[in-house]
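The values are calculated or read from the model by the stated rules, or taken from the named source; none is laboratory data. Predicted, not measured: the structure shown is a model, and the values here were computed from it. Every residue, glycine among them, receives a Cβ derived from its backbone with ideal geometry; neighbour counts consider all protein chains shown. Keep in mind that these areas ignore ligands, DNA and RNA; they rest on the heavy atoms of the full protein, side chains included. Shrake-Rupley method; radii C 1.70, N 1.55, O 1.52, S 1.80 Å.
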Amino acid sequence: MDYTGEHLLPGFLGHFFITLSLVASLVATFSYFKATQSKIETNAAYWKNLARGAFITEVVSVLAIFAILFYIISNHFFEYKYAWQHSSRTLEMKYLLSCFWEGQEGSFLLWSIWHCVLGLILIRKGRQWEAPVMTVVSFAQVCLATMIAGIYFFNWRMGSNPFALLRNEMDAPIFSQPNYLSLIKDGNDLNPLLQNYWMVIHPPVLFLGFASTIVPFAFAIAGLWTKKFGEWTKAALPWALFSAAVLGTGVMMGGRWAYESLSFGGYWAWDPVENASLVPWLTLIGGIHTILIYKHTGHSLRASHFLILITFSLVLYSTFLTRSGVLGDTSVHAFTDLGMNFQLLAFLFVFLIPAFILFAIRYKEIPHIIKEEQTSSREFWMFIGSLIFFLSALFIIIATSLPVINKIFGSNFSMGEDSVFSYNRVIIFVAIIIGLLTAIIQYLKYKQTDSRFFWKKIIVPTAIGILISSLVLVFGNINYREHGGGFLAAIWLAIACSIYAVVANATYIWVGMKGKLKLSGGSVSHLGFGLVLLGILVSSSKKEVLSYNTSGIFVPLGDKNKITGEPGENLTLVKGMPATMGNYNVTYESDSMNPKKPLWYYKLHFKSKTSDEQFTLVPNAFVNYKGNQGLMANPDAKHYWDHDIFTYITSLPDPEKNKDTASFRSHVSSIGDTIFYSNGFMVLDAIIANPSNTKYHFNNSDTAVMADITVYSKDGTSYKAGPVFQVKENSPNIIVDTIPSQNLAIAFTGFENAKKIKLQIKESNSLLQYITLKAYNFPYINLLWAGVIIMVTGIIISIVRRVQLNNSDREIENLTL
């Protein structure tokens with residue numbers, strides 16, 4: 001059958017470049033392998049040149065795939081399943097890139113693009129390490145290319161091709177018609193929760209972090225492969241630091257996205273996908289510190305191999321967790337199962353098993369110092385810190401993997417009803433230990449530290465830290481008692497340790513490093529890490545619910561969950577009626593709808609009861625969107641230097657169930673007449689020509705009359721109503737006035753005679769316009785965001801310093817030769 005309107009050329013080109021990228025990456029892998037194995041320099045050079053050409057071909061292919069797929073998405077070619085599934089004509093231009101990496105195929109392609117960029121840098125800068133390191137990188141490209149190949153072997157499909165046609169992937173009667181495209185009016189659209197600017201920048205940064213972990217991994221493999229067991233650490237350290245900076249930034253960007261887009265009331269919920277990105281960062285930080293130990297003392301080389309190898313393995317394992325569909329019931333942002341579980345496991349094991357077999361084979365050959373470290377040495381406590389990072393990563397990944405464990409063994413393990421506390425009650429002690437170590441390690445020397453020297457240096461920051469911690473704990477009103485006094489005591493101790501880390505490292509920069517920031521990368525990053533811990537502890541433990549229900553109106557919210565919390569913590573606001581929320585009076589003023597989709601914006605005006613402060617927040621919500629029954633809410637927040645006011649919608653009237661079926665009743669009234677309704681009565685006070693007030697602005701040239709009516713309810717409350725009868729362009733224009741709290745709609749429809757007017761009155765439950773919301777006060781959350789920036793800045797300083805040292809060492813070697 002010949003189908004009309006299809007654009008098949010982009011798909012043909014896409015298929016071609018996918019095949020070319022797979023072949024080119026295979027050639028690059030084989031050639032780099034041969035270059036590494038070759039003992040003859042001319043043969044090695046031949047294979048290396050061939051590998052470079054193949055890898056550059058791979059780069060061109062991957063970039064072409066990206067460009068073609070983006071062209072398809074941006075032009076709304078819905079004959080392609082990927083474009084139809086992830087985009088729509090109503091989508092804002094700025095979110096088209098988000099469509100690209102919403103799907104699994106696009107995310108694998110994004111990962112591959114970063115490998116291409118990193119590979120080109122390694123080709124230029126890798127020197128003696130190029131061949132073995134690029135063998136690993138090129139092989140990873142082979143694996144990623146198979147993920148988007150969509151090639152069938154008998155009845156098994158390898159990968160999922162983003163250029164597959166919709167009519168070949170779906171069985172529907174519409175495809176029996178040659179003009180089926182004319183019947184597809186729009187695409188499935190981007191997930192509403194991803195329609196946020198953070199999702200344009202967060203995934204690329206996070207995937208660069210994931211992709212970059214392969215570089216130190218590849219150096220570690222190269223060291224084991226070529227038996228250059230210690231040499232690889234010098235070249236790998238700047239890359240490991242780079243990966244830590246980018247991956248850490250990506251993780252916290254995800255936290256910021258969650259804070260601004262997800263309605264669980266915060267930036268971290270120990271979601272499995274969050275955990276899967278955090279765990280490799282923890283082991284990577286541990287690996288960086290063991291490499292530093294080896295560089296200065298010769299200890300911990302075996303530990304460095306292990307931690308760097310396990311980091312990339314955990315990235316691959318997190319890929320399996322988030323893309324296999326196994327976390328679909330436990331994560332808010334896991335991918336759905338595309339039937340590639342076997343391939344995802346193969347991706348993991350094809351790196352994990354050979355890497356650790358090689359590690360086991362070479363283990364006894366890896367140099368190590370038999371003499372134990374002194375407990376007064378810097379390396380001893382750095383190793384303890386690295387071990388704590390590893391053990392915390394192990395705890396988190398096991399807890400996150402419970403769905404996998406249950407599926408394999410038929411068990412029913414869980415983290416309990418309060419999974420967040422199950423994590424927090426363990427990690428709080430990790431924060432205490434790491435905070436303390438971060439404070440004191442800088443003041444220790446490698447190999448051994450004289451006790452008098454140590455106490456002389458540490459006494460001042462310790463005293464300052466104790467003083468500031470005491471003031472914060474005494475006057476900071478940190479009284480988080482939800483989980484008992486023991487947990488509160490642990491929070492206090494963790495806060496004291498994080499303050500100590502900040503003070504001690506700031507002092508060390510000034511005293512120990514004489515204020516030389518370019519030499520203080522470690523201290524700056526540790527200072528930032530201390531602020532991160534402090535920001536997490538203070539903002540979470542002092543997080544205050546503002547939205548306790550004071551309106552007396554309760555709507556059903558279902559069972560307690562992350563979104564709503566306790567039902568009494570959700571305030572219902574009736575449109576136009578102020579309500580008390582903490583120190584604020586809040587009014588639901590108005591709402592508006594996106595012209596292209598069922599996205600509603602709700603304007604909430606906050607006015608302080610104790611000052612002149614006032615501001616407006618506009619949270620939004622998708623209602624019954626694309627078959628998703630219920631509410632999909634995006635929060636809004638007012639940011640101050642010392643706190644955030646954060647709110648999101650938790651309930652709205654169901655538009656399908658809130659349809660108005662009541663009818664108007666007619667009344668003829670004179671001034672002073674009384675009309676009764678079910679909850680009270682109303683009096684016609686006056687008839688006003690061309691009214692000009694806060695609601696209407698008519699002038700003398702208009703033809704309009706308002707009925708001035710006072711409504712008296714049974715509870716003694718009175719309301720004003722002003723329906724208007726207007727003649728406009730020789731036609732009557734009736735302006736209905738409503739009193740939602742009384743379920744009243746009043747219309748002025750004309751005159752019976754000179755003294756009597758015609759009114760129509762309707763009582764309807766659907767007139768009550770309300771929203772239910774949750775609101776928090778997050779105090780000092782900017783400590784967290786500032787800490788992330790400072791920590792990453794410190795890592796960047798360290799990267800620059802390490803690169804400079806490596807270049808200097810290389811110049812010295814060249815002069816020696």
Residue hits (segment 675-712; over 18 Å from S764 (Cβ atoms), among the polar types (S, T, N, Q) and open to solvent by 70 Å² or more (accessible area, probe 1.4 Å)) are S692, T694, N699, N700, S701, T703
Taking the condition of being at pLDDT 80 or above and surrounded by fewer than 20 Cβ atoms within 10 Å (Cβ to Cβ), how many residues in segment 307-347 meet it? 3
Would you point out the residue of segment 370-403, among those that are part of a helix (DSSP H, G or I) and β-branched (V, I, T), that is surrounded by the most Cβ atoms within 10 Å (Cβ to Cβ)? T400
Checking G750 against (1) more than 30 Å from V574 (Cα to Cα); (2) outside any strand (DSSP E or B), only one condition comes out false. Which one? (2)
Filter segment 411-432 for residues that are at pLDDT below 90 and within 20 Å of H483 (Cβ to Cβ); which is most open to solvent (accessible area, probe 1.4 Å)? E417
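Could you go through segment 435-450 and let me know if any residue there is among the β-branched types (V, I, T) and without any contact (Cβ under 8 Å) to a residue 40 or more places away in the chain.
If we filter segment 435-450 for residues that are among the β-branched types (V, I, T), which is where we start, we get 438, 440-441, 449.
Applying the additional criterion that residues be without any contact (Cβ under 8 Å) to a residue 40 or more places away in the chain yields none.
No; the residues of segment 435-450 include none that is among the β-branched types (V, I, T) and without any contact (Cβ under 8 Å) to a residue 40 or more places away in the chain.
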Evaluate the following for T19: is it among the polar types (S, T, N, Q), closer than 30 Å to D171 by Cβ and open to solvent by 60 Å² or more (accessible area, probe 1.4 Å)? yes
For residues in segment 138-185 being out of contact with any helix residue (DSSP H, G or I) (no Cβ under 6 Å at 6 or more places or on another chain) and either in a helix (DSSP H, G or I) or of a type in the set (S, T, Y) (or both), which is nearest to A346 (Cα to Cα)? T146
Hey, Y780 among the aromatic types (F, W, Y), within 30 Å of I645 (Cα to Cα) and either open to solvent by less than 60 Å² (accessible area, probe 1.4 Å) or in contact with a helix residue (DSSP H, G or I) (Cβ under 7 Å, 6 or more places away or on another chain) (or both) or not: yes
Within segment 433-476, the residues that are under 16 Å from T375 (Cα atoms), open to solvent by 30 Å² or more (accessible area, probe 1.4 Å) and among the hydroxyl-bearing types (S, T, Y) are Y446, S451
Output the number of the condition that R256 fails; it satisfies all remaining conditions of (1) in contact with a Phe, Trp or Tyr (Cβ under 7 Å, 6 or more places away or on another chain); (2) of a type in the set (D, E, K, R); (3) under 30 Å from S38 (Cα atoms). (3)
Which members of segment 115-146 meet the condition of being open to solvent by 10 Å² or more (accessible area, probe 1.4 Å), closer than 21 Å to F16 by Cα and among the hydrophobic types (A, V, I, L, M, F, W, C)? F139, V142, C143
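Does at least one position in segment 225-240 carry a residue that is without any contact (Cβ under 8 Å) to a residue 12 or more places away in the chain, part of a loop (DSSP other than H, G, I, E, B) and in contact with a Gly (Cβ under 7 Å, 6 or more places away or on another chain)?
Yes, segment 225-240 contains a residue that is without any contact (Cβ under 8 Å) to a residue 12 or more places away in the chain, part of a loop (DSSP other than H, G, I, E, B) and in contact with a Gly (Cβ under 7 Å, 6 or more places away or on another chain).
A quick yes/no check of all residues on (1) under 22 Å from the mean Cα position of the chain (by Cα); (2) of a type outside the set (G, A, S); (3) at pLDDT 85 or above; (4) surrounded by fewer than 19 Cβ atoms within 10 Å (Cβ to Cβ):
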position: L573; (1), (2), (3), (4): no, yes, yes, no
position: S592; (1), (2), (3), (4): no, no, yes, yes
position: L604; (1), (2), (3), (4): no, yes, yes, no
position: K626; (1), (2), (3), (4): no, yes, no, yes
Give me the helices (runs of 4 or more DSSP H) completely within segment 35-106, filtered to those with at least 3 residues that are under 25 Å from V23 (Cα atoms) and either without any contact (Cβ under 8 Å) to a residue 24 or more places away in the chain or touching a Cys at 6+ places or on another chain (Cβ under 6 Å) (or both), ordered by residue number. 41-74
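Specify which of the listed residues (F383, F390, F413, F453) is under 26 Å from S313 (Cα atoms), more than 29 Å from the chain's Cα centre (by Cα) and aromatic (F, W, Y).
F383
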Pairs only if they're at least six apart or on different chains, beta carbon under 7 angstrom, first in segment 737-759 and at pLDDT below 90, second of a type in the set (D, E, K, R); list them, first residue then second. P740/K575; N743/E763; L744/E763; A745/K762
